[in-house]
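Just so you know, all these numbers are worked out from the coordinates, no wet-lab data involved. Here the structure is a predicted model, which means the values were calculated and not measured. Every residue, glycine among them, receives a Cβ derived from its backbone with ideal geometry; neighbour counts consider all protein chains shown.
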Amino acid sequence: MIPYLDLKAQYDSIREELNAAAVRVLASTHYVLGEEVVAFEKEFATYTQTAHAVGLNSGTSALHLALLALGVKPGDEVITVPFTFIATASAIVYAQATPVFVDVTPDTLTMDPAALERAITPRTKAIIPVHIHGQMADMDPILAIARRHGIPVVEDAAQAHGATYRGRAAGSMGAIGCFSFYPGKNLGACGEGGALVTNDPALAATVRCLRDWGQTQRYHHDLLGFNYRMDGLQGAFLRVKLRKLEEWTEGRRTAAARYDQLLAGLPLGRPVQAAERRHVYHVYAIRTLRRAEVQARLNQAQIGNGIHYPIPVHLQKCLVHLGYRQGDFPVTEAASNEVLSLPIYPELPPDSQAAVRDTLAAVLG
Ligand SMILES: *Cc1c(COP(=O)(O)O)cnc(C)c1O
């Protein structure tokens with residue numbers, strides 16, 4: 001059996017530090033926010049090359065508060081891509097704005113800047129490129145278009161901790177960067193977690209207020225806020241794991257490079273790493289038109305796998321009211337039909353990767 005990801009191997013490698021962190025927080029009784037969260041925020045801001053990080057209870061909360069802090073109002077439009085996890089679009093709907101989708105490019109499967117340009121209207125109030133599978137979107141042209149129209153960019157970096165674009169960290173290039181620490185993400189809590197990063201002190205202050213019931217002082221609720229605070233335990237766990245993140249990312253990149261070599265002769269598509277981008281391989285997705293067959297064979301061989309994602313967001317039932325149809329975004333729709341994610345995690349043994357290759361070759365070779 002080869003698992004899709006192995007959180008037990010990760011726990012085993014840092015067991016003592018995590019256990020000590022848990023005991024520390026339990027004894028402190030600072031279960032919500034507290035000094036561990038404050039320390040994590042400082043360390044994560046440094047890691048993401050930003051001035052401020054705000055610890056939250058999920059990546060979705062980060063996206064939601066990013067839009068509210070930027071002043072997105074009911075009826076506004078927010079442009080994003082349909083090749084993403086549902087949360088990107090859900091956050092737009094939570095802010096009572098309208099998601100406007102634009103297609104991705106066929107190589108990196110990230111926002112197509114030309115399509116973005118065409119979708120901008122006077123009602124566009126934010127743009128959310130998604131750094132899908134661990135690779136940043138083509139930020140320079142996206143930021144140039146956004147700047148020309150005076151529209152802020154929110155990076156959905158939930159899959160891209162540690163990714164870079166021309167040396168600049170994921171989350172640091174737009175007005176706001178949003179991260180998830182769901183356990184399976186490249187930096188994962190031991191439960192739910194998220195963070196928002198920014199260089200703008202006013203935005204950071206607004207988000208700190210909104211995450212804690214909109215309070216300016218205790219029981220003075222100037223804004224209609226939320227209970228979106230990070231747990232003390234998660235802050236402490238994330239500090240331990242952040243210290244390992246670069247090593248883990250190199251492990252993922254090594255595993256991805258090994259897959260690239262092993263799979264080179266097979267009739268399938270491999271992930272494209274664009275020039276001047278550091279891909280952190282949250283997902284290693286191959287592409288094949290024979291996906292059902294290939295997936296059945298992997299399942300039979302007890303090789304973990306996944307599809308990220310099988311139904312593009314514009315075709316999800318919960319968003320039918322937006323009026324999108326099959327055929328609207330051909331690049332996204334083709335990718336949704338063809339992508340298949342192989343096991344990837346820092347501790348993935350090379351012989352497991354060879355076994356994955358052999359199974360793929362038995363179907364496709
Ligand atoms: C995981 C994820 C989110 C949501 O993060 P949660 O912490 O699960 O709320 C948002 N966008 C993308 C692209 C994600 O992968």
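Data table
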{"quantity": "Segment Ala362-Ala51, extension gain: residue separation times 0.36 nm, minus the distance between their alpha carbons", "calculated": "106.9 nm"}
{"quantity": "R0 of 30 Å, Cβ-Cβ distance Gln96-Tyr31: FRET efficiency to nearest 0.05", "calculated": "0.40"}
{"quantity": "Integer Hz, Karplus 6.51/-1.76/1.60 couplings in order for the stretch 60-66, x for Gly and Pro", "calculated": "5, 4, 4, 5, 4, 5, 4"}
{"quantity": "Exposure proxy ranking, count of Cβ atoms within 10 Å, fewest first, for Thr108, Thr98", "calculated": "Thr98, Thr108"}
{"quantity": "Semi-axis lengths, Å, the stretch 245-364, gyration tensor of Cα atoms, sqrt of 5 times eigenvalues", "calculated": "27, 18, 13"}
{"quantity": "Per residue Cα convex hull volume in Å³ - calculated over the chain", "calculated": "131"}
{"quantity": "Calculated from backbone phi, Karplus (6.51, -1.76, 1.60) coupling profile of the stretch 293-303 in Hz, x at Gly/Pro", "calculated": "4, 5, 5, 4, 5, 5, 4, 4, 7, 6, 9"}
{"quantity": "Dipole magnitude of the chain about its Cα centre (Cβ charges: Lys, Arg +1; Asp, Glu -1), debye to nearest 20", "calculated": "180"}
{"quantity": "Antiparallel bridge percentage (DSSP; both residues within the stretch 142-277; nearest 5)", "calculated": "75"}
{"quantity": "Sparse-neighbourhood loop sites, trypsin sites (Lys or Arg not before Pro) in the stretch 296-340 - DSSP loop, at most 16 other Cβ within 10 angstrom", "calculated": "Arg325"}
{"quantity": "Net length gained if the chain between Glu43 and Lys8 were fully extended (0.36 nm per residue, minus Cα distance)", "calculated": "10.1 nm"}
{"quantity": "Two-site label geometry, Asp222 and Ala275: point separation in nm, points 7 Å out along Cα→Cβ", "calculated": "4.9"}
{"quantity": "Calculated from backbone phi, Karplus (6.51, -1.76, 1.60) coupling profile of the stretch 247-252 in Hz, x at Gly/Pro", "calculated": "4, 5, 5, 5, x, 5"}
{"quantity": "Proxy reagent accessibility, fewest Cβ within 10 Å first, across Leu245, Leu360, Leu224", "calculated": "Leu224, Leu245, Leu360"}
{"quantity": "For Val102, distant residues with modelled amide H under 5 Å away", "calculated": "Thr80, Val81"}
{"quantity": "Under 5 Å, built H, 5+ apart or other chain: amide partners of Gly194", "calculated": "Leu56, Asn57, Ser58, Phe181"}
{"quantity": "Residues Tyr259, Tyr219, sorted so that the one with the fewest Cβ neighbours within 10 Å comes first", "calculated": "Tyr219, Tyr259"}
{"quantity": "Relative contact order %, the chain, counting alpha carbon pairs below 8 Å whose residues are six or more apart", "calculated": "23"}
{"quantity": "Considering only the chain, percent of DSSP beta bridges that pair antiparallel, nearest 5", "calculated": "65"}
{"quantity": "Spin-label zone in the stretch 269-283 - amide nitrogen under 17 Å from a point set 7 Å from the Cα of Glu246 along the C-beta vector", "calculated": "278-280"}
